[in-house]
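Take a look at the structure set out below.
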Amino acid sequence: MSRAADRLKVVLNHLDRSHGAVRASFTSAQNVSYHHPQVLQYTFDTDVLTPEQRIAYEENGFILIRKLVSDKDIDRFGKEFEHICKREVKVPGLVVMRDVTIAKSEYVEGEKAVTKLQDYQEDPELFRYCTLPQILKYVECFTGPNIMAMHTMLINKPPDTGKKTSRHPMHQDLHYFPFRPADRIVCSWTAMEKVHRGNGCLVVLPGSHHGTLLEHDYPEWEGGVNKMYHGVRNYDPNHPRVHLEMEKGDTVFFHPLLIHGSGMNQTDGFRKAISCHYASSDCYYIDVKGTTQENISNEVKELAARKYGVDDTVTFQDTWALRGRLVRGDRTSM
């Protein structure tokens, strides 16, 4: 049997399932090429994902690819992170986020207090991650051929101070994004070292991407919550969950509606990961005023006003348009 026929057989077998786990809707002009294109909602057939991987993403909202990024590349990203923490490198637009409990009690130099580097698109070394061919070949399966790198982060997760502030509440990444459609957005998240439950691996709620964007706000945690760590209100705590334990170089791709978070780091070491959210450049911006996203919109605009001195004419959408970078194909709508 030819490879194409084999792929089709797997998909058709999936169609015969009685539980109807995959729901259909058209989200862009381009779609997959099977006789039942509406069934595979979230991926394109670029001959990279196997039929089994496509179906897994349809049903679960994430797929894990082992050893996708080399140790050599990850070590280079780690060294650049150290240079930034030591203030040996200054990156325009980069936001260095610190743990709220350390920031309140003492100033600590180096990586101990740094929870995250956000918006590293102006750092050539770190931004190299967003352009790695082995990453982009998978990203294209979710976005299509015109790819924008929209949101860049290097997450450090230092040892918890005892206040449990190294936790990240369960959330949906779409809460932060004023662009749609959601099905043409994907996150690439790569472990920079061994990630396990002890140091706060990602935890995901499989299938939660089939739902809608839920209301988010700061959780009412006794020890405090780090800046912009919003969490989902009223998700089902009994929903089955998966802890994504990963080795250095393993990469998970996930949908922006997938509910996920991470536990606290209970070790003496760090838990580093580098990530990028990509979107099709065919996506479009939306006005979030009057929606559940208005709270994060106001917070981002306040931050931009303090950091860059911008006025009210700069919108939430503008802040994203400035950060976006074309990494493959053509820049169309965005």
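Being assigned to a strand (DSSP E or B) and farther than 21 Å from Asn298 by Cβ is the filter here, so list the residues in segment 169-181 that pass it. The one that is assigned to a strand (DSSP E or B) and farther than 21 Å from Asn298 by Cβ: Met170. A single member of Val288, Val310 is modelled with pLDDT under 95, open to solvent by less than 10 Å² (accessible area, probe 1.4 Å), farther than 22 Å from Tyr129 by Cβ and among the aliphatic types (A, V, I, L, M), and it is Val288. Only residues that are loosely packed, with under 15 Cβ neighbours inside 10 Å and not acidic (Asp, Glu) were counted in segment 49-60, giving 1.
Quick grid of which residues meet (1) farther than 22 Å from Glu80 by Cα; (2) in contact (Cβ under 8 Å) with a residue 24 or more places away in the chain; (3) among the polar types (S, T, N, Q):
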| position | (1), (2), (3) |
| --- | --- |
| Tyr138 | yes, yes, no |
| Phe142 | yes, yes, no |
| Pro145 | yes, yes, no |
| Met150 | no, yes, no |
| Leu154 | no, yes, no |
| Pro158 | no, yes, no |
| Thr161 | yes, yes, yes |
| Arg167 | yes, yes, no |
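The values are calculated or read from the model by the stated rules, or taken from the named source; none is laboratory data. This is a predicted model, so every value here is computed, not measured. Here the Cβ is made from the backbone with ideal geometry for all residues, glycine too, and neighbour counts use every protein chain on show. Side chains included, ligands, DNA and RNA excluded: accessible areas come from the protein's heavy atoms. Shrake-Rupley method; radii C 1.70, N 1.55, O 1.52, S 1.80 Å.
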